[in-house]
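All remarks here apply to the structure that follows.
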């Protein structure tokens, strides 16, 4: 089994290096994520090797042995990107059995198979054709807004990014306000949203909104500002 892989925990497993898997890998790399690509076609492995920053395993992601080799039991997420819904189904079932806590995001080609993949253990399913069609329509109906969002979410830029981080600087069992965190003053970022522990979103939160260490902050800032914020929160948690 050909490989270039040394990740042991909290990494992401990308199953397949077709159009979707390739784009996912590029985006993960741009966000400095740790990930490994699983690909069974040796000819495609040669393409993966062209990017020396990619880690990979040459093997069938539907097989237990290959997923074990990718340290699936200590991974934090898996992307099933095959064009075949049947292949993605096998990957989901196998991966879920090996790691019950794994976050699994799957591609789906046929809308009738969405429920099957969710029932098999996927946390989320994405239909690329549907997403692409909606995006094209919105480029006509709301072109400036979509261009702005694409700049934030899809393009690597040194100007400004959207990112998320868990509010770990708040002590266990306590609450504090957005204003008290002083993220704007200390790091220069703006909090544009909050995902509460229960799953609800708060958009454009007021400074008086209270947060706990189970909440996720959605912030807007430059890469340097976002890194400063992460360093501040990490320092408070050490």
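Derivation of every value follows stated rules applied to the coordinates shown; laboratory data play no part. Given the structure is predicted, the values throughout are model-derived calculations rather than measurements. Don't worry about glycine lacking a Cβ; one is built from the backbone with ideal geometry, like all the others, and counts go over all protein chains shown.
Restricting attention to the range 96-150, which residues are part of a helix (DSSP H, G or I) and in contact (Cβ under 8 Å) with a residue 60 or more places away in the chain? Matches in the range 96-150: 128 only. Note on the range 37-56: residues that are over 11 Å from residue 17 (Cβ atoms) and surrounded by 18 or more Cβ atoms within 10 Å (Cβ to Cβ) total 1.
Return yes or no: is residue 79 in contact (Cβ under 8 Å) with a residue 12 or more places away in the chain, surrounded by 14 or more Cβ atoms within 10 Å (Cβ to Cβ) and closer than 15 Å to residue 24 by Cβ? Answer is yes for this residue. I want to confirm something. Restricting to the range 15-25 and keeping residues that are buried (at least 20 other Cβ atoms within 10 Å of the Cβ) and in contact with a strand residue (DSSP E or B) (Cβ under 6 Å, 6 or more places away or on another chain), which single residue is nearest to residue 104 (Cα to Cα)? For the range 15-25, the residue satisfying everything is 15.
So if I check each of 12, 72, 92, which one is buried (at least 19 other Cβ atoms within 10 Å of the Cβ) and over 21 Å from residue 119 (Cα atoms)? Let's see the steps before the verdict.
Details: 72 fails: over 21 Å from residue 119 (Cα atoms); 92 fails: over 21 Å from residue 119 (Cα atoms).
The unique qualifying residue is 12.
Condition first: surrounded by fewer than 13 Cβ atoms within 10 Å (Cβ to Cβ) and not in a helix (DSSP H, G or I). Now tell me which residues in the range 202-238 satisfy that. Those that are surrounded by fewer than 13 Cβ atoms within 10 Å (Cβ to Cβ) and not in a helix (DSSP H, G or I): 203, 204, 206, 207, 208, 238.
In the set (1) within 28 Å of residue 114 (Cα to Cα); (2) in contact with a helix residue (DSSP H, G or I) (Cβ under 6 Å, 6 or more places away or on another chain); (3) not in a helix (DSSP H, G or I), residue 199 fails one condition alone, (2).
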